[in-house]
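To start, the structure itself, in structure tokens.
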Amino acid sequence: MSIYFHSRLAVLGLVLLAACNQAPPAADTPKAAPAIPGPDLATLTDSAAPAALLAYGRQYPGSEVLVRTRLGNIRVKLYDDTPIHKANFLLLARKGVFNETMFNRVVKDFAVQGGQTYGARTIRLKRYRLPPEFRPEHFHKKGALGMARYDDEQNPGRLSSNTDFYFVVGEKLTPAQSQAMAGRKLTPAQVKAYATIGGVPSLDGQYTVFGEIIEGQEVVDKIANEPVEPDKWPLKDIPIKVEVVK
């Protein structure tokens, strides 16, 4: 064996040894998702939420959201004169809260409700409530967007849930029927709406209406006709995705 060959083996051994001692290239560190602006939901309380949400709504305005479901999409306009409910809905939509929920209560010819799940499917979110923003011009005609409320005996101020929203379905009513259901004098515009498109006048003045459907009413009608369990949960889940589009 030649000296030249021995020298090449020695050089090769040194190269291999050096390669073995080299540290592996560092893996790319995943970048953290950018923080979503707005108040920390964990810090909001019944008393603190209104001011925080009003400030958020002024800084980060919005006017329309898209609710995506397996039955189609629903485009919704949010009202400017219900600023607390509007800002709350925009905030939760942008933070992805509604994307972990589904329609959990479907009552044909009445309403479809979503935004929170129950039992083993409950989402983990601190509950705070919203002060009512009743406006006579925003009533429970078909396609209205409202916010649910709970614990009436412990909630004399009729504070709204922060997550549980509903779309009104209802039925067409004669003026006499709508007047009787409302339990108060209706305006001509309300009587006409309840007669021509339908709704649920008994809910007026009880729950805050803060928006209305501008596209996709037929999707809500499909949801309202889904088969349901005895507790009104759809037999086939209807997950929700909400996106601020304008």
What list of ³J(HN,Hα) couplings, whole Hz, do you get for the stretch 81-95 from phi and the Karplus terms 6.51, -1.76, 1.60, once you set θ to phi - 60° and write x for glycine and proline? 8, 10, x, 6, 4, 4, 4, 4, 5, 4, 4, 5, 5, 5, 7
Name the residues of the stretch 42-75 whose amide N is less than 17 Å from a point 7 angstrom out from the Cα of R127 along the C-beta direction? 42-49
The stretch 40-244: relative contact order in percent, alpha carbon pairs under 8 Å with at least 6 residues between: 31
If each residue of separation counts as 0.36 nm, what is the full-extension length gain between T174 and E64 once their alpha-carbon separation is subtracted? 36.4 nm
Cα atoms only: what Rg and Dmax, in Å, come out for the stretch 167-246? 15.0, 40
Highest-first arrangement of 147-154, 161-168, where packing means the average Cβ count within 10 Å: 161-168, 147-154
On alpha carbon coordinates alone, what is the Rg over Rh value for the stretch 147-204, Rh being the Kirkwood radius? 1.06
Stokes-Einstein D for the stretch 40-244 (20 °C, 1.002 mPa s, Kirkwood Rh from Cα pairs), in µm²/s, comes to 125
The relative contact order of the stretch 145-246, taking Cα pairs under 8 Å that sit 6 or more residues apart, comes to a percentage of 27
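Just so you know, all these numbers are worked out from the coordinates, no wet-lab data involved. As the structure is a prediction and not an experimental result, all values here were calculated from the model. Here the Cβ is made from the backbone with ideal geometry for all residues, glycine too, and neighbour counts use every protein chain on show.
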